Amino acid sequence: MIYKVTARYIEEKASEFYEKLTDGTIEAQRPDGSEILASMERAKITVAGTIEWYESCYCPTPLAHERSTVYDLFLTDINTIEVDDYGTSEGGSFWAFLQKASASG
C-alpha cells in the first residue's frame, strides 16, 4: 500500500537523523531501510516544522516497523492516509534542510 504521510520533525535531532540516513545505518535495515531513505529524500517541508512524503508499506498498521525503528526517534505527530499512487509534495527539500543542519551541527 502507498501512504501520504505528514509529520513534524524534531529540529534538534536533524543532524543525527541525517547522519543515520547517510552512513548506511538506516539503508541497511530490513525490510524497509531503502524505502525510508528514499522517502526522506523525497520529503518536502510544507510548512515550518512539518514534512510530507509518500511511502509504500505493507505492515498491518501503516508504518509500524518504520516508526518503531526510525521515525519515532526523529519525528512526531505522524499521520498517514492511504492513496492510490505516489504523489508530489510541494515545498522545500527536507533532505537539503537535514544537510544544512548537519553541516552547522
- Task: Give, in whole angstrom and from largest to smallest, the semi-axes √(5λ) of the equivalent ellipsoid of the chain, with λ running over the eigenvalues of the Cα gyration tensor.
- Result: 20, 16, 12
- Message: How much of the DSSP bridge set in the chain is antiparallel, in percent, rounded to the nearest 5?
- Response: 100
- Item | Percent RCO, i.e. relative contact order, over the chain, from Cα pairs under 8 Å lying at least 6 residues apart | 47
- Gain on full stretching of the segment that runs from Ser34 to Ala96 - 0.36 nm per residue minus C-alpha separation: 20.5 nm
- Which value, in debye to the nearest 20, gives the size of the charge dipole of the chain about its Cα centre, when Lys and Arg are +1 and Asp and Glu are -1 at the Cβ? 160
- Query: Using a basic spin-label model with each label point 7 Å from the Cα along Cα→Cβ, how many nm lie between Asp84 and Ser68?
  - Reply: 3.3
- Per the helix-only model, the chain has a calculated mean residue ellipticity at 222 nm (DSSP H runs of ≥4, -39500 (n - 2.57) each, divided over all residues, rounded to the nearest 500) of -8500 deg cm²/dmol
- Along the charge dipole of the chain, Cβ charges K/R +1 and D/E -1, which of Phe17, Ser56, Asn79 sits furthest on the positive end? Phe17
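Each value in this text was obtained by applying a stated rule to the coordinates, not by laboratory testing. It should be emphasised that the depicted structure is a prediction, and the values quoted were computed from it without experimental measurement. Cβ coordinates were reconstructed from backbone atoms using ideal geometry, including for glycine residues, and neighbour counts include every protein chain displayed.
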